[in-house]
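Working notes for the structure below.
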Amino acid sequence: MSDPGRQGRFGEYGGGYVPESLVAACREVEEAFREAWVDPGFRGSLARLLAVHIGRPTPLTPVRRLSAELGINLLLKREDLAHTGSHKINNVTGQALLASRMGKTRLIAETGAGQHGVATATVAALLGLKATVFMGERDIERQALNVFRMRMLGAEVIPVGTGSRTLKDATSQAMRHWVGATEDSYYCVGSVIGPHPYPWMVRTFQRVIGDEARGQCASELSTGVPDYVVACVGGGSNAAGTFAGFVDTSARLVGVEAEGGAGAALGRAGVLHGARSLFLQDGHGQIVEAHSVAAGLDYPGVGPEHAYLRDLGRARYVTVTDDEAISALVRLARTEGIVPAIESAHAVAWVIRAAGAGELPSGATVLLTLSGRGDKDVSTLKEQL
Amino acid sequence: MTLETRLRDRRDAGRKLLMPYVTGGITPTWVDYLRAFADAGADAIEVGLPFSDPTLDGVTIQQATDAALARGATARDILGDISGLEHDVPLVASTYYNLVVHDGPERFCAALRDAGVTGLIVPDLPLDEAGDLEDAAASAGIDLVLLASPATPQPRLDEIARRSRGFIYAVSLMGTTGERSVVAESATTLASRIKRSTERPVMVGFGISTPEHAVEAARSADGVIVGAAVMRRVLDGAIPHDVGADLARMRRALDQERDRR
């Protein structure tokens with residue numbers, strides 16, 4: 001998981017499939033990021049914000065009761081304890097600092113579950129930037145709490161009523177909006193998707209998850225590294241950040257997708273939202289709408305680096321149903337007192353299933369990134385339970 | 001005859017070029033729009049092959065795309081519809097790159113050629129990613145049209161002008177497709193910059209909504225592309241004859257402007 005070069009390639013995936021009108025803007029972001037990343041001043045400001053504002057490092061929590069029930073040793077990387085309740089803030093803090101450095105005055109973002117939108121609204125407020133967040137109408141209904149949070153933080157939330165009315169169309173609309181606003185606005189992409197340099201840059205900002213966890217595992221585990229590293233995958237940013245810390249170890253990497261949004265497990269090569277990657281498509285090349293109870297996983301594709309890791313066989317991608325995720329959520333809540341986001345519960349669900357099926361050997365050490373907390377999902381859960 | 005030869009000949013004869021757009025498969029009898037456009041004096045016709053996620057299109061073309069897809073329109077059927085047509089106007093397909101990747105560039109271009117299409121526009125395929133499709137299009141005798149935008153710096157603009165075939169698509173403004181009340185100032189600037197760089201025809205598109213717009217944009221370019229304004233009428237239920245009449249007014253305005261000068 002290294003620098004994908006000027007063309008932003010991960011094997012055959014990645015690249016910059018954007019309208020000519022956005023080529024200059026993407027280049028500007030890449031130049032600025034390359035420059036900032038080697039500037040100790042920028043890195044220092046980022047590290048300080050992550051510590052004093054976001055609350056990093058997040059803890060590594062051994063889960064004793066669930067581990068005993070499953071016959072494994074499960075450790076949770078607690079991104080749910082980061083400020084605003086998910087890992088999304090790691091990336092946004094980096095990109096918003098970059099936007100300020102570039103002299104941009106407004107952040108544009110897309111959001112699914114609303115966690116990236118809330119993070120964007122939060123850091124925009126902190127740094128004195130304006131924020132415009134595009135969100136599908138269907139997600140606005142099921143994540144009303146996050147919509148309220150964004151507006152309270154001063155962000156403008158624009159409903160997207162086209163297509164699936166979820167993350168895919170919110171992303172399309174954010175890109176359309178950016179075409180007309182590149183002068184003063186910065187597009188703060190929320191996952192490891194989009195044109196170069198976004199998949200690489202977002203993974204780099206999220207790498208803090210994997211790097212911290214690597215260090216924490218080194219002191220917590222006698223073996224130093226876990227046998228398995230597991231994370232949920234929508235676009236795949238928390239997984240990419242986690243995997244980046246372990247890709248050079250013996251740990252097996254597992255990305256868990258929603259059954260109805262399994263770009264990596266079930267998709268085929270295509271181009272959407274600026275990158276060549278794996279997408280769910282019909283027999284004519286039309287993108288198929290994803291369907292998941294988890295708004296943050298309701299995306300028909302996956303970031304290009306995940307597509308590459310899949311092809312290499314370095315990571316494997318598995319799927320979990322809505323029902324499995326919800327029952328895993330409840331089980332974690334009742335055994336450990338932790339209510340995860342429905343997205344994160346997908347990763348928990350796979351671990352439960354794999355341990356039960358003997359796929360995870362008895363006594364295996366499993367690091368699982370708990371990408372967010374479940375407060376936002378309470379109304380969905382009320383309907384489902 | 002290639003698309004480019006055809007457009008150059010007409011341009012060199014002093015004519016301003018007019019290229020209307022229609023979303024393929026928008027109605028069961030959508031090819032009637034092609035006939036009406038040809039009768040109205042179109043120099044080429046752009047046929048959209050609908051894609052589920054048209055990220056460079058504004059509301060009108062999005063709606064047209066959704067309507068065509070909801071009818072079950074597919075690229076294969078649309079190409080089938082036009083392959084049997086008798087017409088003397090070059091057809092230019094436009095679509096997003098995913099449909100090309102889906103078939104593979106060679107197969108995709110061969111299908112266009114077999115349907116009698118001579119040009120191709122792919123708005124989410126910038127110069128840097130265009131290599132594969134440029135080769136496949138050239139082998140199939142399809143002119144791959146590249147787009148230039150007001151944000152394109154000069155050296156890159158020169159390369160676009162050099163590598164584009166058919167014509168250069170000058171995107172009039174920083175924004176998506178759709179009707180606008182005025183022609184953006186950036187349209188004139190961009191068209192003039194491209195004209196200084198190449199002998200190839202330069203067509204201005206995005207936001208050209210009225211005969212007055214067409215005349216204004218064509219002053220610095222060789223012609224105009226009219227998409228959303230046409231599709232707005234189609235979506236509102238205008239029959240081919242009426243949309244053709246609109247286009248004929250645009251044609252007359254362009255011709256009168258030429259005669260006046």
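Things worth noting here:
- When segment B:47-68 is filtered for residues that are under 24 Å from A:Thr171 (Cβ atoms), outside any loop (DSSP other than H, G, I, E, B) and in contact (Cβ under 8 Å) with a residue 40 or more places away in the chain, the ones remaining, listed by number, are B:Gly48, B:Val59, B:Thr60, B:Ile61, B:Gln63, B:Ala64, B:Thr65, B:Ala67, B:Ala68.
- Residue that is farthest from the other protein chains (Cβ to nearest Cβ), among those in segment B:114-126 that are within 17 Å of the chain's Cα centre (by Cα) and outside any loop (DSSP other than H, G, I, E, B): B:Gly119
- Selected residue (only one of B:Glu216, B:Glu199, B:Glu212 is in a loop (DSSP other than H, G, I, E, B) and among the charged types (D, E, K, R)): B:Glu199
- Residue count for segment A:95-121 under the criterion of being crowded, with 24+ Cβ neighbours inside 10 Å and of a type in the set (D, E, K, R): the result is 2.
- Checked against the criterion of being within 14 Å of another protein chain (Cβ to nearest Cβ) and at pLDDT 95 or above, segment A:35-52 has no qualifying residue.
- If you go through segment A:184-208 and keep only what is among the aliphatic types (A, V, I, L, M) and out of contact with any Lys or Arg (no Cβ under 6 Å at 6 or more places or on another chain), you end up with A:Val189, A:Ile193, A:Met201, A:Val202, A:Val208.
- Scope segment B:137-177; condition within 12 Å of chain A (Cβ to nearest Cβ) and β-branched (Val, Ile, Thr); matching residues: B:Val145, B:Thr152, B:Ile160, B:Ile168, B:Val171, B:Thr176, B:Thr177
- When restricted to residues that are among the polar types (S, T, N, Q), closer than 14 Å to A:Ile326 by Cα and under 20 Å from the mean Cα position of the chain (by Cα), segment A:341-379 contains 1.
- None of B:Thr65, B:Thr2 is away from every other protein chain (no Cβ under 14 Å) and polar (S, T, N, Q) except B:Thr2.
- Residues being hydrophobic (A, V, I, L, M, F, W, C), in a helix (DSSP H, G or I) and surrounded by 22 or more Cβ atoms within 10 Å (Cβ to Cβ) - total across segment A:306-321: 2
- Residues within segment B:68-107 that are away from chain A (no Cβ under 13 Å) and within 23 Å of A:Ala275 (Cα to Cα), tallied: 2
- Some residue of segment B:185-197 being within 22 Å of B:Arg11 (Cα to Cα) and free of Cβ contacts under 8 Å to residues at least 24 places away in the same chain: yes
- Verdict on A:Phe134 being under 21 Å from the mean Cα position of the chain (by Cα) and modelled with pLDDT of 95 or more: yes
- Pairs where the first residue, in segment A:344-363, is in the same structural domain as A:Val318 (by TED's automatic domain parsing) and surrounded by fewer than 24 Cβ atoms within 10 Å (Cβ to Cβ) and the second is among the charged types (D, E, K, R) and not in a helix (DSSP H, G or I), C-beta under 8 Å, 6+ apart: A:Arg353/A:Glu359; A:Pro361/A:Asp227
- Residue among B:Leu79, B:Leu7, B:Leu17 that alone is out of contact with any Cys (no Cβ under 8 Å at 6 or more places or on another chain) and under 22 Å from B:Val100 (Cα atoms): B:Leu79
The values are calculated or read from the model by the stated rules, or taken from the named source; none is laboratory data. Everything numeric in this text was worked out from a predicted model, so none of it was measured. Every residue, glycine among them, receives a Cβ derived from its backbone with ideal geometry; neighbour counts consider all protein chains shown.
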